[in-house]
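> Have a look at this one.
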Amino acid sequence: MKPKLLIFSFATVLLLGYGFCQAMYIAPTEQTMGDVQRIFYYHLPSAWICFAMFMVNFFASIWYLIRRTAGADALAQSAAEVGVVFCSVVLISGPLWAKPIWGIWWTWDVRLTSTLVLWLIYVSYLILRRYSPDGTVEAAVLAIFGFLDVPLVYMAIRWFRTQHPQPVIGGGKGSGLDHHMWVAVLWNLAAFLSLALLVLWQRYRLAMAEKELEAAHAEKAISMEARPVR
């Protein structure tokens, strides 16, 4: 492992550890929900990282359709995979938080439903890439249109009456967080961002290596076919 990558990995582990301490021990207990509210310190950063990864996929997909570069396609694929992982964390942590508070694991709330649809869109994107003979162009188009669901997920609790808690940023009176709670959120956001970038970089390198290997095999096959038969 390269020294810079090793240092970044070590820093990521430290951030994750300190973020855990902030969320579990330093941040005050929420008066209404109690300790179950601490899931929030992982739920919210996971959602933001998920949106960020899908945004990377969105711009990389546009660039791929314009230039047809292997790097843009590899970045789009890698960002989608990382985004799906963090979106899965959102969909798992949400019901774990909802059950003690709402009394149910799931409700077809606009925010929850649109998040599930977002997850399904990008899982479909990855399946299309995996099983379509040449699905990179079709997948890029799907990713571009699928990204339209991201602003819907984000704005759902502002545009519609939902059971989901109101936004903690710009949500009006009573939606803000205690200062120490915000510190915990930001530390975990930094930790999750560091983790996402680390995984994204490693997955991008692997995707590029896969493309180079596929190109080498294709070139070898062409050269074998071009050889004169004796």
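The values are calculated or read from the model by the stated rules, or taken from the named source; none is laboratory data. Owing to the predicted nature of the structure, the values given are computational and were not obtained by experimental measurement. Heads up, the Cβs are rebuilt from the backbone with ideal geometry, glycines too, and the neighbour counts pull from every protein chain shown.
> How many residues, within region 85-132, are among the small types (Gly, Ala, Ser), over 17 Å from PRO45 (Cα atoms) and in contact with a helix residue (DSSP H, G or I) (Cβ under 6 Å, 6 or more places away or on another chain)?
Matching residues across region 85-132 total 1.
> What are the residue pairs meeting all of these: first residue in region 45-56, first residue on the phi > 0 side of the Ramachandran plot, second residue modelled with pLDDT of 95 or more and surrounded by fewer than 20 Cβ atoms within 10 Å (Cβ to Cβ), Cβ atoms under 7 Å, and 6 or more apart or on different chains?
Here the result reads none, with nothing in region 45-56 linked to a residue that is modelled with pLDDT of 95 or more and surrounded by fewer than 20 Cβ atoms within 10 Å (Cβ to Cβ).
Okay, residues lined up against (1) modelled with pLDDT under 90; (2) surrounded by 14 or more Cβ atoms within 10 Å (Cβ to Cβ):
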position: TRP106; (1), (2): yes, yes
position: TRP119; (1), (2): no, yes
position: LEU126; (1), (2): no, yes
position: TYR131; (1), (2): yes, no
position: LEU152; (1), (2): no, yes
position: ILE157; (1), (2): yes, yes
position: PHE160; (1), (2): yes, no
position: ALA184; (1), (2): no, yes
position: ASN188; (1), (2): no, yes
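> For region 2-42, name all the residues that are in contact with a helix residue (DSSP H, G or I) (Cβ under 9 Å, 6 or more places away or on another chain), of a type in the set (D, E, K, R) and at pLDDT below 90.
Within region 2-42, GLU30, ASP35 meet the criteria.
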